[in-house]
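Asks: Please read through the structure below; I'll follow up with questions.
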Amino acid sequence: MKTLISVKIDQDIKTKAQNLTQELGIPLSTLVNAYLRQFVREKKAVFTSAFSMSPELEKILGPIERDLKVGRNVGKFINSATVVDKIL
């Protein structure tokens, strides 16, 4: 069963959102439904415009960033074709 929600938003935001969903080929209501489903499933709402790394990615990149700061394990990149040519 479907129900109707009435929400007041800025006209500019609505227009921009509709334009983006049209580019994706979906109605704005599909996007709103997807966000609401995610909110219910995860029991959290994220409001950010900044990139956020997952804890797993931070764990992987942490040692790499430390190596870069001290100049360890940093060298000139050689593409694989050059390496193969030298081996053959």
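Asks: What net charge is computed for the residues neighbouring Lys16, neighbours being all others with C-beta under 12 Å from the C-beta of Lys16, Lys and Arg scored +1, Asp and Glu -1?
Replies: Local net charge: -2.
Asks: Further question on the same structure: Determine, from the Cβ-Cβ distance of Asp10 and Arg66 and an R0 of 41 Å, the FRET efficiency 1/(1 + (r/R0)^6), rounded to the nearest 0.05.
Replies: Plugging the Cβ-Cβ distance into 1/(1 + (r/R0)^6) gives 0.40.
Here, each number is a calculation from the coordinates, and none is a lab measurement. These figures come from a predicted structure and were not determined experimentally. Ideal geometry is used to build each Cβ from the backbone, glycine not excepted, and the neighbour counts take in all protein chains shown.
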